[in-house]
Amino acid sequence: MNPQEFREVGHRVVDLLAEYLEHIEQRRVFPNVEPRTLTELFAETLPQDPCPAEKVVGELEEKLLPYCTNVGHPGYMGLITPSPNPVGIIADFICSALNQNIGAYTIGPAAVAMERRTVRWLTDLAGYGEEAGGNLTSGGMMANFIGLKLARDWASQDMAQQEGVQERWAVYASEERHVSVDKAVDAVGLGRSALRALPTDADFRIRLDALEEAIAEDRKRGIRPMCIVGIFGTTNTGALDPVRELRAIADREGMWLHVDAAYGGGMLLSHAWPMRNRGLELADSITIDPHKWFYAPLDAGAILVKNERRLTASFGLKPSYLTDELDRANERYQYYVHSFEQSRRFRGLKVWMSFKRYGAHQIGEWIDGNVRQAKHLHSLVTKQSEFEPASEPPMSAICIRHRGADPDEAQSKELHAEVARRVEQGGRFWISTTELKGKTWFRINPVNFRTRTEHMDQLLALLRQECDSVLQSRLQANGPPSE
Ligand SMILES: Cc1ncc(COP(=O)(O)O)c(C=O)c1O
């Protein structure tokens, strides 16, 4: 590809995407297409001959754009993937063009400095001090894994990196934890049975009495309590575990405290519901995802550590082929020594550019808008009797359920699944379903700066209409209930 072709195709792609973003609300949220059709659309053998880039882009217009889930559409309120902010999109383009490899200083000196500054902004937001550090990761899943690895190595007094885990240890988290915690407990060699999934209170926060009981029981059986994973914004309802109380228990028992703020970390920027006073800085390590509620495009998660030296203790290996002999003054920061990954893209750029372009203030206003929308839906639901809310949303995730199939939970599950399917087919909204305390719920979660309050009114009206329609057709199929 010569520079002229690059220029022409680049301009065309920018025009295409500007058009896409400008009119995104007129598209369907989810495409009306069968998986089989998509497989067939791309069924071709490995291309042997070149093709002009313009034609390749033309193929994307025909085969990719019409079949995307348009997460930037204001009606997308599903699994936590935000409307990507436009400057973040441009940042990813620049990132690929420069292809700086953040793993080693020699493959991206300024990029390493910018990523370190971006991490510093995040540790400052979390309330950590000068000794803190961290890495940008592929997401919350990887960050939670690193958090558990830091916990394990610290608890073993840095023996586990060599010897593995020799004793029986336990990790404590609520039943509302993200599945990444289960995977992390497994990946660090404890086995999933080492995870104690503890019950929650009526607001879906970890029950401290249950935590105390589980620790006492483990002690009795000779199992060492190793780590508590607190949640700062659960995936289902945005519930916040009480970090101060968890810190006190972790200190008393000699445990590491990791807090998963992958989603809820956005609330650190909120103006209307400030959450910088909830004790997050007391955690030993924190997961926080700029690609969730800081509206950065995928991928940009982060692991933050109160004491950066713990990262080096866990990951600090220096193979000869990576050793930087030119670093006489030991000034070149090597991410590969302080993190799990080696080659990785310059994720910090999109977060850095987003903060520069919009400022934390503007991003905080988007977040407040999403929280306001969830609270609006909650207040609508509490004013009628067909639906019930799971809890009052402290963040933007809200679960509601239709009572029409009660008390038959199997029927209720079918009802919610069928309605979610119809909502997807309708193309104006996308929501998911979930389970909380044995019941099925619609899970609705705006993390989207295009969503407006009126969308919540429209969504509730649609859910009511579809629930009534499903119940009505069931009644017709089964006949009236017998006396
Ligand atoms: C609370 C929480 N932790 C971790 C994760 C995993 O994050 P990721 O999807 O970025 O790997 C999620 C994802 O939704 C989450 O909600």
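The values are calculated or read from the model by the stated rules, or taken from the named source; none is laboratory data. Being a predicted model, the structure only gives us computed values, none of them experimental. We place every Cβ from the backbone using ideal geometry, glycine too, and count neighbours over all the protein chains shown.
I need the full set of residues from the range 424-433 which are over 18 Å from G404 (Cβ atoms) and either of a type in the set (D, E) or part of a strand (DSSP E or B) (or both), in order please.
Hits for the range 424-433 are E424, W430, S432.
Could you tell me whether any residue of the range 87-94 is modelled with pLDDT under 95 and either of a type in the set (G, A, S) or within 16 Å of the ligand (Cβ to nearest atom) (or both)? Talk me through it step by step, then tell me what you get.
Restricting attention to the range 87-94, the residues satisfying the condition of being modelled with pLDDT under 95 are none.
Scanning the range 87-94 turns up no residue that is modelled with pLDDT under 95 and either of a type in the set (G, A, S) or within 16 Å of the ligand (Cβ to nearest atom) (or both).
Listed here are the residues, each with its yes/no results for (1) surrounded by 17 or more Cβ atoms within 10 Å (Cβ to Cβ); (2) among the hydrophobic types (A, V, I, L, M, F, W, C).
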| residue | (1), (2) |
| --- | --- |
| T45 | no, no |
| C51 | no, yes |
| L60 | no, yes |
| K63 | no, no |
| V71 | yes, yes |
| S83 | yes, no |
| D92 | yes, no |
| S96 | no, no |
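Could you list, in sequence order, the residues of the range 199-222 that are within 16 Å of the ligand (Cβ to nearest atom) and either among the β-branched types (V, I, T) or within 22 Å of W154 (Cβ to Cβ) (or both)?
T200, I206
When E245 is evaluated against the numbered criteria (1) touching a Lys or Arg at 6+ places or on another chain (Cβ under 7 Å); (2) more than 10 Å from the ligand (Cβ to nearest atom), which criterion, by number, is the only one it fails?
(1)
This table checks each residue for (1) within 20 Å of L311 (Cβ to Cβ); (2) within 21 Å of the chain's Cα centre (by Cα); (3) within 16 Å of the ligand (Cβ to nearest atom).
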{"position": "A143", "(1), (2), (3)": "yes, yes, yes"}
{"position": "A173", "(1), (2), (3)": "no, yes, yes"}
{"position": "A187", "(1), (2), (3)": "yes, yes, yes"}
{"position": "R224", "(1), (2), (3)": "no, no, no"}
{"position": "G233", "(1), (2), (3)": "no, yes, yes"}
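Select from the range 289-301 the residues that are near the ligand (Cβ under 10 Å from one of its atoms) and among the aliphatic types (A, V, I, L, M) and list them in ascending order.
L298, A300
I'd like the full set of residues that are over 14 Å from K350 (Cβ atoms) and touching a residue at least 24 places away in the same chain (Cβ under 8 Å), limited to the range 100-112.
Result: N101, G103, A104, Y105, T106, G108, P109, V112.
So which residues in the range 328-367 are hydroxyl-bearing (S, T, Y) and outside any helix (DSSP H, G or I), if there are any at all?
Residues satisfying the conditions are Y333, S339, S343.
What do you reckon, is A239 loosely packed, with under 14 Cβ neighbours inside 10 Å and either hydrophobic (A, V, I, L, M, F, W, C) or within 16 Å of the ligand (Cβ to nearest atom) (or both)?
no
Of everything in the range 142-169, what is in contact (Cβ under 8 Å) with a residue 40 or more places away in the chain and on the phi > 0 side of the Ramachandran plot? Give them in sequence order.
If the condition is that a residue be in contact (Cβ under 8 Å) with a residue 40 or more places away in the chain and on the phi > 0 side of the Ramachandran plot, then D158 is the only one that fits.
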